[in-house]
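Enquirer: This is the structure, below, for whatever I ask next.
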Amino acid sequence: MADISIKQLNAKHITVIGDVMLDVFSRGSISRMSPEAPVPVLDINRIEDRPGGALNVCNNLVSLGLSTEIIGVVGDDFEAFRLEYLCEKHKIKRSGLLRDSRRVTTSKTRFFDKAKPFMRADHESREGIPDWLEEKLLKEVRRSLRNSDACIIQDYNKGVLTPRMISGILDMADTYRVPVFVDPKKDYIELYAGAFLIKPNRHEAEQIIGYTIKTPAEARKASADLFETLQCAHVVLTLGGDGLILRDRDTYLHVPAHKLDVADITGAGDTVIAVLAALYSTGLPLADCAEYANRAAAKTCALPGVVPVRPEMLL
């Protein structure tokens, strides 16, 4: 693999567009039952807020030394304030993070009894954003893409990436010659045709192509079918413990998984797409970017919790 340049990474800027989330981790211990109902009582001793969804991708980029801007939507609520604070804390530019008083900020609260998770509570809105908000967001996209080295679209089906938003982003990225990296969901998948790279995971790929992926032969066939179906320049199919596949018109590359003890796979997909876009923006060949992204995902998964990738993890 070609060597990476930290100095080059520090000079790059990437726009991230998509669904932002507040990840809340409430940790404590259970030692008694509630007198009000037959349910356990969690005595919380620690609450931690983390940037989630598209903001976790931004956090990975900042950790690698790049500058990044988020474009997305939050509600007009306390959770929005907490996310805005996290953007400041993690040095994520947020002028394109717009508030809508009719929505709630997506939040996911995970409860832990000591180190063991026992419940997750979600608060979110999945309706598509209204026309006036699409217009405002697309203006932010145009402003940001003019000075971007790459664009990442992070789709969690929470309503920000409407058909109009997707087509507008791709048109502007084409105008400004900015490569678009997509982490998709099945809804509207056909609208991402023309993107530079689309990165489905195994489950998402199975939904798109309509059959299960269990063997290496099925994975190879799936990567070819995805490439033909998605009509993008490149496909990266992530397979968890089986590594990942890079597929395009001239390339089939299977990168085996690194053999590491896995502590937590949460956020691995965010790490992969962040590393792919970051390294490609420096001029590194895409095959090398895929090798580094696979390595980075393995190293972050070896650590508990959602850990952003650091430059030394790539070396």
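Enquirer: Which ones in the range 262-284 are touching a Gly at 6+ places or on another chain (Cβ under 9 Å), at pLDDT below 95 and assigned to a helix (DSSP H, G or I)?
Expert: Answer for the range 262-284, where residues must be touching a Gly at 6+ places or on another chain (Cβ under 9 Å), at pLDDT below 95 and assigned to a helix (DSSP H, G or I): 268, 270.
Enquirer: Could you give me the residue pairs with C-beta distances under 6 Å whose first residue belongs to the range 220-248 and is under 15 Å from residue 297 (Cα atoms) and at pLDDT 95 or above, whose second residue is buried (at least 17 other Cβ atoms within 10 Å of the Cβ) and of a type in the set (Lys, Arg) wherever it lies, and which are 6+ apart or on separate chains?
Expert: Qualifying pairs under 6 Å: 236/199.
Enquirer: Quick one: which of 143, 177 is among the basic types (Lys, Arg) and without any contact (Cβ under 8 Å) to a residue 12 or more places away in the chain?
Expert: Answer to the selection: 177.
Enquirer: Condition first: acidic (Asp, Glu), in a helix (DSSP H, G or I) and surrounded by fewer than 23 Cβ atoms within 10 Å (Cβ to Cβ). Can you find one or more residues in the range 118-128 that meet it?
Expert: no
Enquirer: Tell me, please, whether a residue that is of a type outside the set (Val, Ile, Thr), touching a Leu at 6+ places or on another chain (Cβ under 7 Å) and crowded, with 19+ Cβ neighbours inside 10 Å can be found in the range 148-156.
Expert: Yes; the residues of the range 148-156 include at least one that is of a type outside the set (Val, Ile, Thr), touching a Leu at 6+ places or on another chain (Cβ under 7 Å) and crowded, with 19+ Cβ neighbours inside 10 Å.
Enquirer: Another question, then. Quick one: residue 213 ticks every box in (1) in contact with a helix residue (DSSP H, G or I) (Cβ under 9 Å, 6 or more places away or on another chain); (2) over 14 Å from residue 254 (Cβ atoms); (3) assigned to a loop (DSSP other than H, G, I, E, B) except a single one, so which number is it?
Expert: Unmet condition: (2).
Enquirer: Find all pairs meeting these conditions: Cβ atoms under 6 angstrom apart; at least six residues apart or on different chains; first residue within the range 53-77 and without any contact (Cβ under 8 Å) to a residue 12 or more places away in the chain and assigned to a helix (DSSP H, G or I); second residue surrounded by fewer than 24 Cβ atoms within 10 Å (Cβ to Cβ) and among the basic types (Lys, Arg).
Expert: Filtered contacts from the range 53-77: no entries.
The values are calculated or read from the model by the stated rules, or taken from the named source; none is laboratory data. Everything quoted here is computed from the prediction, not taken from an experiment. Here the Cβ is made from the backbone with ideal geometry for all residues, glycine too, and neighbour counts use every protein chain on show.
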